[in-house]
Amino acid sequence: MAADSGPPLAGPLPAASVLGPAPGWPRDLSPQVEVLEDPHGRLQLPEVLALPLQQWRAGGATPLNPGFSRSVWWLRVRLQHPLPADTPAQAVLELAQPLHDDVQVWLVHAGARQPLRAWHTGDRQPFASRPVAHPHWLFPLRLEAGEMVEVYLRLASADGLHEAAQLRLWEPQSLLESAGRERFAYGLYYGALLALLLYNLFLYASTRTALHAHYAAYLASFFVWNFAFRGFAFQYWWPEHPTLANQVVPIAAGCGFIAHGIFAIHYLQTRLLAPRLHRVLLALLALDVVCLLPPLAGFYAASYMLLVPVGLFGVAVSVWTGAVLWRRGSRPARYYLLAWFGLAVGLVLYMLRMLGVLPANALTEHGLQVGSALEFVLLAFGLADRMNQLEAEKLGAERAALEAKTALSEQLEHQVRERTQALEAANQRLAEMAITDELTGAYNRRHFNEVFGPELRRKARGSEGLALALLDVDHFKAYNDRYGHPQGDRALQAVSTAVRRRLQRAGDRFFRLGGEEFAVIFLGRDAAAAHGFVLSLCAEVARLALPHEGSPHGRVTISAGLLYLPPGSPHRDPQAVFARADALLYEAKEAGRHTVKSETFEPAP
């Protein structure tokens with residue numbers, strides 16, 4: 001039954017807290033508290049009164065805070081009304097935490113075995129079981145002159161989660177004044193939250209902007225949680241329903257984490273600006289929803305064991321996301337981080353007060369409220385800034401539209417002409433893409449089929465001759481087998497570039513008919529000049545000096561079949577002309593390749 005709160009009481013008893021004039025109220029009784037742990041919860045008051053002094057432990061400088069524990073915890077503190085005094089001393093003992101499940105208190109004369117007074121209350125019982133109608137546990141005391149009493153408190157948890165057990169002693173008038181100031185401060189705090197909530201609901205109803213609805217849901221969840229966590233909801237909303245009072249606290253906390261996550265996702269635009277972190281936040285939201293199941297089944301401690309780490313991790317990821325987006329220049333992320341900094345400062349002040357590092361004052365006692373108020377106000381500023389940005393963008397768009405409308409009559413014809421030209425250029429590019437071979441940049445076979453027949457008809461009516469040269473890369477299959485198809489593609493590109501470099505007249509056209517076979521159509525030369533020109537094409541390719549170990553020439557070369565149709569020759573069938581040029585190409589290959597075979601179609605006599 002030994003507790004871990006401090007050393008065992010092997011020496012004299014801790015000094016009794018003296019009732020009477022004091023420099024300030026309330027008095028923290030933590031240094032005078034003795035602690036006893038009952039792991040099995042079987043001890044009753046007579047057995048506790050009979051225990052030796054060594055079973056108790058000193059409470060220490062900070063309040064008892066067992067956290068998750070199945071034990072029952074006993075606290076003992078001595079109070080004394082010093083002599084001389086003519087009137088009884090009035091005092092109020094406060095257990096300053098509204099969420100203790102089962103609280104039993106006995107007032108016993110020092111050394112006696114029977115209690116003078118007894119109270120049995122807790123937040124698992126109706127609110128009327130409390131000695132004083134107050135969110136905290138208040139026990140009025142009266143001591144006669146010279147009287148010393150011992151106060152025993154038995155604190156039990158329904159499912160293993162204990163709240164901090166801070167004992168304070170008040171003079172009744174000081175308590176009344178403090179309660180008035182506290183109620184006033186909480187009234188301002190909750191009034192501000194409700195005002196923000198109603199304002200954002202009004203904005204949502206007016207603008208149908210979902211972000212205001214998400215912010216209002218976060219405000220509402222936090223308001224309900226804080227109102228229940230501070231004990232006001234049990235006192236004013238459902239005093240006869242302790243089960244509901246216990247379930248609301250973790251459910252509202254879970255809803256708050258969920259609402260915050262949804263708000264953060266939409267406010268920070270994580271789907272667009274941080275997609276990876278967006279997926280993490282969605283997964284944590286799903287876990288938050290799962291964490292709502294234990295409190296619905298009445299498992300209060302299990303709710304917090306799941307909800308607190310998951311929820312806090314979700315908040316941490318949200319804050320990290322805000323930091324990432326701030327570095328990227330996001331204005332909403334700036335307000336978001338500043339808001340969470342305000343809440344973090346308030347929470348740290350509150351925790352340091354609970355640990356005894358900072359003195360109890362209005363700021364440290366209500367640090368959580370101050371921090372959350374700062375958070376909500378800064379988030380409201382962030383929403384307002386975003387609305388201002390949207391309004392400025394809207395006004396800018398309207399101004400630009402007005403200017404465009406004013407200038408439309410002058411610019412319409414110019415814009416139509418520009419767009420028509422752009423469309424024609426785009427159509428031209430599409431047309432060129434449709435007739436161009438993607439690998440070599442030459443015209444493709446389809447375009448050759450389209451233009452060759454018309455060119456023959458124009459030649460029959462014109463004064464210039466027409467030459468058709470079919471080109472073929474020598475031993476190209478062997479080249480591909482030896483060097484690979486990617487290198488073969490690069491060789492075809494090099495051949496195409498070399499040939500096109502020689503085609504400088506407007507009527508010269510170059511085609512890739514398929515594989516390694518190409519065609520050239522050119523005008524205005526006699527048969528000898530045409531033959532010489534095609535020979536120069538072969539020489540140009542040879543000068544590339546592309547190695548080809550599978551060729552007798554040791555490099556990449558081309559062969560050509562040239563058919564020349566002089567001016568005045570009758571119209572001939574395109575297929576017959578092509579077939580004759582192809583036969584000449586075959587003759588060039590049979591003659592050893594890297595050569596040109598040519599022929600002239602003379603006019604019929």
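Below is a table of values for the structure above.
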quantity: Sparsely packed GluC sites (Glu not before Pro) within segment 124-160, loop by DSSP, other Cβ within 10 Å at most 14; calculated: GLU144
quantity: Over the chain: helical MRE at 222 nm, DSSP H runs n ≥ 4 each giving -39500 (n - 2.57), nearest 500; calculated: -18000 deg cm²/dmol
quantity: LYS394, LYS589, LYS597, ranked by accessible area, largest first (probe 1.4 Å); calculated: LYS394, LYS597, LYS589
quantity: FRET efficiency, LEU293 to ASP481 (Cβ-Cβ, R0 60 Å, nearest 0.05); calculated: 0.30
quantity: Apportionment of accessible area to carbon and sulfur, the chain, percent (1.4 Å); calculated: 60
quantity: Relative contact order for segment 445-569, counting Cα pairs under 8 Å that sit 6 or more residues apart, in percent; calculated: 42
quantity: On Cα atoms only, tilt of 300-327 relative to the major axis of the chain in degrees; calculated: 50
quantity: Length released on extending from LEU272 to VAL416, taking residue separation times 0.36 nm less the Cα-Cα span; calculated: 48.3 nm
quantity: For segment 522-605: span of alpha carbons on each principal axis (Å, largest first); calculated: 48, 22, 17
quantity: Relative frequency of Cα-Cα separations exceeding 17 Å in segment 206-278, percent; calculated: 53
quantity: Structure-derived volume of the Cα convex hull per residue in Å³ - corresponding label in [x] 270; [y] 210; [z] 158; calculated: [x]
quantity: Heavy-atom surface of segment 447-605, accessible at 1.4 Å and reported per residue (Å²); calculated: 46
quantity: Label point 7 Å beyond Cα of ASP526 along Cβ direction - residues of segment 445-481 with amide nitrogen under 14 Å; calculated: 465
quantity: Local electrostatic count at LEU379 - Lys and Arg +1, Asp and Glu -1, tallied over other residues with Cβ under 12 Å; calculated: 0
quantity: The chain: relative contact order in percent, alpha carbon pairs under 8 Å with at least 6 residues between; calculated: 9
quantity: The chain: angle of helix 242-268 to the longest principal axis, Cα-based, in degrees nearest 10; calculated: 30
quantity: Under 15 Å, Cβ to Cβ, from PHE232 - net charge with Lys/Arg +1 and Asp/Glu -1; calculated: +1
quantity: Sparse-neighbour loop sites [trypsin sites (Lys or Arg not before Pro); segment 107-153; at most 14 other C-beta within 10 Å; DSSP]; calculated: ARG113
quantity: Spin-label pair ASN65/TYR586, simplified geometry with 7 Å Cα→Cβ offset, distance in nm; calculated: 9.9
quantity: All-pairs Cα distance distribution in segment 168-252, expressed in whole percent, bin size 5 Å; calculated: 3, 14, 17, 17, 16, 15, 10, 4, 2, 1, 1
quantity: Difference of contour (0.36 nm per residue) and Cα-Cα distance, LEU408 to LEU395; calculated: 2.7 nm
quantity: Length gained when the stretch ALA576-ASP385 is fully extended (0.36 nm per residue, less Cα-Cα span); calculated: 60.9 nm
quantity: Semi-axis lengths, Å, segment 416-483, gyration tensor of Cα atoms, sqrt of 5 times eigenvalues; calculated: 31, 24, 8
quantity: Reachable lysines from LYS459, criterion Cα separation under 25 angstrom, eight or more residues apart if same chain; calculated: LYS597
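The values are calculated or read from the model by the stated rules, or taken from the named source; none is laboratory data. A quick note: this is a predicted structure, and the numbers were derived from the prediction, not measured. Note that we place each Cβ from the backbone using ideal geometry, even for glycine, and neighbour counts take in every protein chain shown. Side chains are part of the model used for accessible areas, which takes the heavy atoms of the whole protein and leaves out ligands, DNA and RNA. Shrake-Rupley method; radii C 1.70, N 1.55, O 1.52, S 1.80 Å.
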